[in-house]
């Protein structure tokens, strides 16, 4: 298989439902905590080192061949807000559909059967990368990038932010993305070598959890999460 | 004892059913800065207060508190005052590990005072609760970032709860100078200086989970994927935080 | 892992005409068109016209999450469990064309939960003249424009006007008031569309949605054949 599969998987146009999710930025915009590119940068940085790191490690571990059902339970334990668990499973189900159509594999079929309503998205992402012949590091990069790419795109739509500024935010996060992906892969190897799921990072962002739960109850909103 | 590399100290509290409808404490040991004292309990619940015999934890210290609640025993643990993480003589981080096990039909109410991360301190706290499927737990954790008007130290706090071996909660918060970027930004703390959690585990949640609900902007009751509930709260200061957590606990106990 | 689970999970191919258990799935008809042209009113009228003879359900794609769904619920055209709202992240055309995964999930869930269904109407949020449905999502699509939106729309064409399986020119009762030339609109539409049908309708007049309902019945007969 080819490394170029990573470009297909990481492409914002990959039809896996991400476009309808703001990664918490809609709630942050409403609360007045994100109003310009500088806040967006801090928002993305915080999300990258928390949710992003956890997602990247889950994805890398799934790509390495760790039991996805156990990883899904680990994802549940790291996602206390029910609204975020629901969103993660919906996105996992949507990604599963795209993945099975794109890189079919018996492992994906088995995971789809085990979770008809969707497994956590990063777990599906890791297994998708594995089915596409990609490396754990690729899966980690993909998950880490998604954790900031989604909010940046949503901020452009919500705030009318200059898209060049939003893209600049992402570009300047690159060195931190590298570090997060490295840490994620390191953790995933530890999980495999020592059989300890608690080697997976558990970094949390209290505001993302709180505001996601509040957002799910809004009667009017643009994004699903 | 305190050396240049810091103090190693362990406190142990074991609670057992005493056979007369109450709870006894066959083990109640302290060391160095950790001094558990039996205080007046209520009904069949024994009560222990952790009294800080020295200041700390300081850089390089390694403190452990092990609490074991046996079948049918009921224990409440509090502390006499807030714990303040302070800078030590060494540049090493301090560790504070809380290990909790509760057997079937045992109950632990773990309600210590706040942990305050003073400027220049560096502390890694882990709290791990291993519960039998029929165990009950109320566990409160409050972190205050900096004393009044002070920049916080470095604080990382990991909270893990297992029920019958299955992990239902694993959360780590890292903040202060040197923490991964964005910790005080709009996704994580956004300037809030007090952050807290209450975990409630009860076998009745196996039948019916409480609904998720917001308590204002700053706190939420979050049913977990297992028979447990997390209250998570953010506040400008320790007082507001305690008020939010008390309110949430009252809501949960009404349910 | 529950490898022996009987649920075989979502089909890998979205346009598959069969459900996982081998039965024929519902016919899916998309309704798109500019804002305010009367899509939701047409959906409501179709539901009233067809609900006694068919088992049907509706998926809405809103800009503001639940507004169209709420309208249908208020009008009580269908029981609430037959109406699902998809969040579109401010971009209905993305959700009906570029990344249809959330919509596919919604139609499958409706069939699982209230099915078997004969017909699912998928309504797009009001969007622009180029917004058409993916063939992976719907089997046929209706494009709804109205006389008040300007009688030059058929002449201008665009993918919706030119290629939709049915073009509906709505609110014909308003033509005298807004100075629209119905004959010219019909002629322009024919020039754009060749053999493809056009219906001129006013939901305020007695015939109401009759012609569109008949067209749907025809599609359904062909689908079930």
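Observations on the structure shown:
- The residues of region C:72-101 that are in a helix (DSSP H, G or I), within 16 Å of the chain's Cα centre (by Cα) and within 13 Å of another protein chain (Cβ to nearest Cβ), listed by number, are C:92, C:93, C:94, C:95, C:96, C:97.
- Any chance residue A:17 is in contact with a helix residue (DSSP H, G or I) (Cβ under 6 Å, 6 or more places away or on another chain) and either within 12 Å of chain B (Cβ to nearest Cβ) or closer than 21 Å to residue A:121 by Cα (or both): yes
- Tallying residues that are touching a helix residue (DSSP H, G or I) at 6+ places or on another chain (Cβ under 6 Å) and crowded, with 21+ Cβ neighbours inside 10 Å within region A:188-203 yields 5.
- Restricted to region A:180-225, and to residues there that are within 14 Å of chain C (Cβ to nearest Cβ) and part of a helix (DSSP H, G or I), the residue that is farthest from residue C:86 (Cα to Cα) is A:212.
- Complete set of residues in region B:208-255 that are out of contact with any strand residue (DSSP E or B) (no Cβ under 9 Å at 6 or more places or on another chain) and buried (at least 23 other Cβ atoms within 10 Å of the Cβ): none
- All positions within region B:199-208 that are within 17 Å of residue A:209 (Cβ to Cβ) and out of contact with any helix residue (DSSP H, G or I) (no Cβ under 6 Å at 6 or more places or on another chain): B:199
- For region B:114-133, the count of residues that are in contact with a strand residue (DSSP E or B) (Cβ under 7 Å, 6 or more places away or on another chain) and free of Cβ contacts under 8 Å to residues at least 24 places away in the same chain is zero.
- A single member of B:141, B:151 is out of contact with any helix residue (DSSP H, G or I) (no Cβ under 9 Å at 6 or more places or on another chain), outside any strand (DSSP E or B) and either at negative phi or buried (at least 20 other Cβ atoms within 10 Å of the Cβ) (or both), and it is B:151.
- Taking (1) within 11 Å of chain B (Cβ to nearest Cβ); (2) in contact (Cβ under 8 Å) with a residue 40 or more places away in the chain in turn, residue A:165 satisfies each apart from (1).
- Hits in region A:98-117 (condition: at pLDDT below 95 and either crowded, with 24+ Cβ neighbours inside 10 Å or more than 7 Å from chain C (Cβ to nearest Cβ) (or both)): A:117
- Any hit, region A:149-162, residues being surrounded by fewer than 24 Cβ atoms within 10 Å (Cβ to Cβ), away from every other protein chain (no Cβ under 12 Å), in contact with a helix residue (DSSP H, G or I) (Cβ under 6 Å, 6 or more places away or on another chain) and touching a residue at least 24 places away in the same chain (Cβ under 8 Å): yes
- Any chance residue C:207 is within 30 Å of residue C:16 (Cβ to Cβ) and more than 17 Å from the chain's Cα centre (by Cα): no
- Any hit, region C:20-31, residues being over 29 Å from residue A:99 (Cβ atoms) and more than 14 Å from every other protein chain (Cβ to nearest Cβ): yes
- When the residues of region A:46-75 are filtered to those that are over 14 Å from the mean Cα position of the chain (by Cα) and within 9 Å of chain B (Cβ to nearest Cβ), the one that is farthest from residue A:143 (Cα to Cα) is A:73.
- Scanning region B:161-182 for residues that are within 8 Å of chain A (Cβ to nearest Cβ), surrounded by fewer than 19 Cβ atoms within 10 Å (Cβ to Cβ) and free of Cβ contacts under 8 Å to residues at least 40 places away in the same chain yields a single hit, B:181.
- Residues within region A:131-173 that are more than 16 Å from the chain's Cα centre (by Cα) and in a helix (DSSP H, G or I), tallied: 15
- Residue in region B:193-209 that is at the interface with another protein chain (Cβ under 8 Å from one of its Cβ atoms) and touching a residue at least 12 places away in the same chain (Cβ under 8 Å) present: yes
- The residues of region A:170-181 that are surrounded by fewer than 21 Cβ atoms within 10 Å (Cβ to Cβ) and over 10 Å from residue A:141 (Cβ atoms), listed by number, are A:170, A:171, A:172, A:174, A:175, A:176, A:179.
The values are calculated or read from the model by the stated rules, or taken from the named source; none is laboratory data. Being a predicted model, the structure only gives us computed values, none of them experimental. So basically every Cβ, Gly included, is an ideal-geometry build from the backbone, and we count neighbours across all protein chains shown.
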